[in-house]
Amino acid sequence: MTGESALDLYWLPLGAGGHSVRVNGQLFEAAAAAVGQRVPFDLYHSALVVHVPAGRFVIEQAPVADGDGAARGVVAQGAVWSRLAGRFRLCRYEVRCWRNGVVPDLAEAAESPLRVTNDLQSAQRLLDLAPLVPTPVWGRDELRTGEMWNSNSVISWLLARAGLAVETLHPPTGGRAPGWHSGLIVARRQLPLSVQR
């Protein structure tokens with residue numbers, strides 16, 4: 001795809017390929033649905049695949065796998081559940097902007113990929129923003145948005161900060177993406193009024 005550009009959004013079922021995460025997600029959604037007096041939805045995790053002349057990049061938030069973050073294009077890390085627990089690798093997440101990287105569960109993506117843009121400048125701007133993504137504690141609302149920060153927050157923040165039309169992007173039918181609005185809110189706080197949509 002040399003010389004071309006594309007930015008695609010993928011919706012991955014939460015816990016695809018991992019029984020524990022799937023079950024915990026279902027329990028979380030059942031509790032949230034009960035509190036909100038609504039029916040439970042399918043939960044989704046988002047990832048981006050960006051093609052620019054310099055190569056193909058995967059952007060995703062995931063648990064810290066090991067100490068070799070450079071091999072996975074890690075550009076940022078944060079704590080999970082509490083800053084104190086974040087001292088331990090098992091309680092940290094990483095944001096990857098991984099050249100020629102992989103998303104292990106990409107084959108299970110639903111209603112994907114969604115082409116966000118073919119514009120090279122927008123795609124490159126998003127790649128340049130990846131190291132600047134906020135890294136509050138995962139699963140908490142430290143930034144006071146009314147919603148926890150998680151992997152979806154990272155993706156929506158990047159899209160919004162890159163000036164892309166995020167209002168047209170939605171999880172698959174019957175699903176929701178917890179944390180998505182948190183990223184949008186934080187991005188809009190940081191954008192000059194002249195470029196806010």
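What the table below lists for this structure:
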read-out	value
Some residue of segment 95-114 being crowded, with 19+ Cβ neighbours inside 10 Å and closer than 16 Å to I185 by Cα	no
Residue that is surrounded by the fewest Cβ atoms within 10 Å (Cβ to Cβ), among those in segment 51-94 that are assigned to a strand (DSSP E or B) and basic (K, R)	R56
Residues that are assigned to a helix (DSSP H, G or I) and farther than 21 Å from A177 by Cα, drawn from segment 95-130	L120, Q121, S122, A123, Q124, R125, L127, D128, L129
Cβ pairs under 6 Å, 6+ apart, first in segment 83-101 and within 14 Å of P136 (Cβ to Cβ), second charged (D, E, K, R) and assigned to a strand (DSSP E or B)	G86/R92
P136 vs. criteria under 13 Å from the mean Cα position of the chain (by Cα) and either within 19 Å of S182 (Cβ to Cβ) or in contact (Cβ under 8 Å) with a residue 60 or more places away in the chain (or both)	no
Which numbered condition A47 misses (of (1) at pLDDT below 95; (2) not in a helix (DSSP H, G or I))	(1)
Pick from segment 148-168, criterion within 13 Å of the chain's Cα centre (by Cα) and outside any helix (DSSP H, G or I), ranking: nearest to E60 (Cα to Cα)	N150
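The values are calculated or read from the model by the stated rules, or taken from the named source; none is laboratory data. All values reported here derive from a predicted model rather than from experimental measurement. Every residue, glycine as well, gets a Cβ built from its backbone with ideal geometry; the counts of neighbours run over all protein chains shown.
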